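The values are calculated or read from the model by the stated rules, or taken from the named source; none is laboratory data. Please read these numbers as outputs of a predicted model, since none were measured by experiment. Note: areas computed on protein heavy atoms with side chains; ligands, DNA, RNA excluded. Shrake-Rupley method; radii C 1.70, N 1.55, O 1.52, S 1.80 Å.
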Amino acid sequence: MTDPFGRTVDYLRISVTDRCNERCLYCMPEGYKGWAQRPDHLTAAELVSIATAASSLGFRKFRLTGGEPLLRPDLVSIAAGIAALPTTSSLGLSTNGTRLASAARDLGNAGVTSVNVSLDALDPDTYHRITGGRLADALAGIHAAITADFESVKLNVVLMRGVNETQLAPLVRFAAEHRTPVRFIELMPLTRTDVLSSDNFLSCEAARSLIEAELGPLLPLPEYRAGHGPARYARAQNGALVGFIGALTTPDFCASCNKLRLTSDGKLRPCLGRHGEIDLLAPLRAGQADLETLLTEAIANKPQDHTFQQDYIPSRPMTAIGG
Ligand code: SAM
Ligand code: SF4
């Protein structure tokens, strides 16, 4: 399927829950309990039926995200249902890793092909300050993912001035030692607008300079794409693949956008950085959903680009939208 701007849309990111066992500074509003009022999350069968409709429209890439997807006890069966669809060429999982150690093998056996683990710091106190969680749990998850032989395991780092600048070069060293690409992501004002203040925002360019000051020049790899994401890659002198996701500062960032998002309460979201949504839950529960038509409508409604730099006002947290 092609959107009005000629982009092929064949990637569905599915938020399976808006709950999380961590509370990252940039993602979860303090004291957020939105999920307590929301008993209406899509069931595993509903999620797979939406993915099935997407597959019949030619979607080939799926990702399970959240919130923290590993909080869902039925995650393995959701993964198996999506992996079994005839068009699925890749099934990713985005996780904070803290519960991955015991689940990695089952998820691999169910058909998950790639795992992205958030790792914003290697210093335990900094990690705790950002996430509220324990670094050791995330590292155990990363090691389990590496030994479970997924096609790819990547690390995601959200850039925060005054919080994790000192962690960037150590993270690139860690990536080289573990042979996992590491991607640095610019803060987006998804949950809170104040993260975009000059006190908090660290651009990809500034991050690159900090890394190069410690580890030497990065060699750009303009053609390289690890997976299907919007990262631009470079090779560090220690061999690490280093990706930069400059959602705020890269010109034409949205030019190759290929995705739709499905929120855990059953809304299709054509763009992360705009509020428009199409409800699937009510028609699904009324037994009247023409899912293929609704997915086609969402593709037709994809805007050309996000509005983070203009008039975007956070309405619901990233955990609810699905990262
Ligand atoms: N809990 C999982 C995790 O942390 O990877 C999956 C969901 S999380 C919302 C998905 C990704 O979104 C993570 O890499 C996270 O760092 C990123 N993220 C969350 N809030 C963000 C923000 N305001 N700006 C940029 N990235 C953000
Ligand atoms: Fe939870 Fe992931 Fe959001 Fe952190 S980024 S609060 S781990 S959903």
* Counting residues in region 1-150 as N, plug N into 2.2 N^0.38 Å and put the Cα Rg over that result. => 1.09
* **Against the rule of thumb 2.2 N^0.38 Å, how large the Cα Rg of region 125-185 comes out** => 1.14
* Give the span of region 110-258's Cα atoms along each principal axis, as three whole-Å numbers ordered largest to smallest. => 40, 37, 33
* Structure fact -> Share of accessible surface on carbon and sulfur in the chain, whole %, 1.4 Å probe and ligands ignored, is 51
* Asked: So how tilted is helix 135-147 from the main axis of the chain? Cα-based, degrees 0 to 90, rounded to 10.
  -> 70
* Rounded tilt (10° steps) of 204-215 against the dominant C-alpha axis of the chain -> 40
* Mean separation of Cα contacts under 8 Å, 6 or more apart, over the residue count of the chain: relative contact order % -> 22
* Number of Lys-Lys pairs in the chain under 19 Å by Cα, sequence gap 8 or more or different chains? -> 7
* Asked: So what's the angle, to the nearest 10 degrees on a 0 to 90 scale, between helix 291-300 and the longest Cα principal axis of the chain?
  -> 50
* Average projection area in nm² (convex hull over Cα atoms of the chain, one quarter of hull surface) -> 15.1
* **Expected 222 nm ellipticity per residue - DSSP helices of 4 or more, -39500 (n - 2.57), all of the chain, to 500** => -8000 deg cm²/dmol
* Would you mind working out the accessible area per residue for the chain, using a 1.4 Å probe, and quoting it in Å²? => 41
* **Whole-Å distance, taken between Cα centres, linking region 130-150 and region 219-253** => 23
